[in-house]
Amino acid sequence: MAVDNYTQQKAGGFVDRLALKKRELMYHLFSTEFPTASLAHVLDVGITADKHALSSNYFEKYFPDKHKIIALSNQPGTFLEEIYPGLTFYQGDARSLPFEDDSIDVVFSSAVIEHIGHYKQQQKMLAECFRVAKRGLFITTPNRWHPIEVHTLLPLLHWLPKSQHRLILKKLGLSFYADENNLNLLDHQTLITMCRELGIADFDFKFIKTFGFISNIILIARKSQS
């Protein structure tokens with residue numbers, strides 16, 4: 001998960017404002033699935049060091065009880081402890097979380113798993129999030145099959161086989177996004193396969209549309225409560 005600007009969008013521009021609206025909806029879905037008053041702690045995996053985009057770190061902005069938030073990222077994030085007193089920040093890797101099994105009520109992660117690397121690395125992140133969660137997880141990612149790729153803002157090219165897509169990105173001078181370690185788009189079926197291979201039995205999906213097409217996939221997985 002490299003540190004860089006993961007999107008070509010302009011802070012405060014049309015795409016950023018649109019992203020904020022979609023992320024407000026994601027937060028509403030989260031709070032419906034996991035009412036905030038019922039949570040002792042929640043882990044947000046993959047906060048961003050970006051301080052300019054309206055849509056950055058929206059979970060921390062909207063979650064009412066800042067002292068319940070544990071935020072983790074490989075990017076600098078201690079500034080969140082100053083902005084939101086009570087929040088705790090950990091520097092770390094989403095594929096190797098520094099927490100005990102079943103130690104945090106819910107794990108939240110928004111638009112991070114597509115930046116983790118190849119399939120096995122993404123699956124490792126998913127496994128770690130599920131391992132430390134006591135009740136469940138809520139993970140969002142852009143849908144590969146939306147006509148516009150949200151990081152580069154280019155249409156349709158990402159529908160090509162990934163090797164061809166990455167080659168074109170390199171030729172367009174977008175080598176950062178051509179690197180699988182920085183961008184590896186996912187779809188609904190791939191997430192189903194990941195869950196089944198990990199033995200995650202209780203999971204379902206929510207979908208958010210933009211311009212009539214599914215733009216965001218939300219994976220919700222739950223653990224049985226003994």
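Within region 185-207, the set of residues being more than 12 Å from LEU219 (Cα to Cα) and surrounded by 17 or more Cβ atoms within 10 Å (Cβ to Cβ) comprises LEU185 only. Within region 103-134, the set of residues being hydroxyl-bearing (Ser, Thr, Tyr) and either closer than 25 Å to TYR177 by Cα or touching a Gly at 6+ places or on another chain (Cβ under 6 Å) (or both) comprises SER109, SER110, TYR119. Within region 24-34, identify whether any single residue is over 26 Å from PHE207 (Cβ atoms) and in a loop (DSSP other than H, G, I, E, B), and answer yes or no. No: zero hits.
Scanning region 51-67 for residues that are under 16 Å from SER109 (Cβ atoms) and touching a residue at least 24 places away in the same chain (Cβ under 8 Å) returns SER55, TYR58, PHE59, GLU60, TYR62, PHE63. In region 66-87, of all residues being over 16 Å from VAL132 (Cα atoms) and charged (D, E, K, R), the one that is farthest from the chain's Cα centre (by Cα) corresponds to GLU82. Residues of region 101-133 that are surrounded by fewer than 17 Cβ atoms within 10 Å (Cβ to Cβ) and not in a helix (DSSP H, G or I): ASP101, ASP102, SER103, HIS118.
Kindly indicate whether PHE211 is exposed (fewer than 12 other Cβ atoms within 10 Å of the Cβ) and touching a residue at least 40 places away in the same chain (Cβ under 8 Å). Yes: the conditions hold for PHE211.
Screening region 134-226 for helices (runs of 4 or more DSSP H) wholly inside it with 1 or more residues that are under 19 Å from TYR119 (Cα atoms) and among the aromatic types (Phe, Trp, Tyr) returns the ranges 175-178.
Restricting attention to region 79-98, does a residue exist that is buried (at least 16 other Cβ atoms within 10 Å of the Cβ), within 30 Å of PHE211 (Cα to Cα), at pLDDT 95 or above and in contact with a strand residue (DSSP E or B) (Cβ under 8 Å, 6 or more places away or on another chain)? Scanning region 79-98 turns up no residue that is buried (at least 16 other Cβ atoms within 10 Å of the Cβ), within 30 Å of PHE211 (Cα to Cα), at pLDDT 95 or above and in contact with a strand residue (DSSP E or B) (Cβ under 8 Å, 6 or more places away or on another chain). Scanning region 136-159 for any residue that is at pLDDT 95 or above, surrounded by 15 or more Cβ atoms within 10 Å (Cβ to Cβ), out of contact with any Ser or Thr (no Cβ under 9 Å at 6 or more places or on another chain) and closer than 23 Å to ARG222 by Cβ turns up at least one such residue. Only residues that are more than 19 Å from MET26 (Cβ to Cβ) and small (Gly, Ala, Ser) were counted across region 101-131, and they come to 3.
The values are calculated or read from the model by the stated rules, or taken from the named source; none is laboratory data. What you are looking at is a predicted structure, and each value in this text was computed from that prediction instead of being measured. Here Cβ is always computed from backbone atoms with ideal geometry, including for glycine, and neighbour counts include all displayed protein chains.
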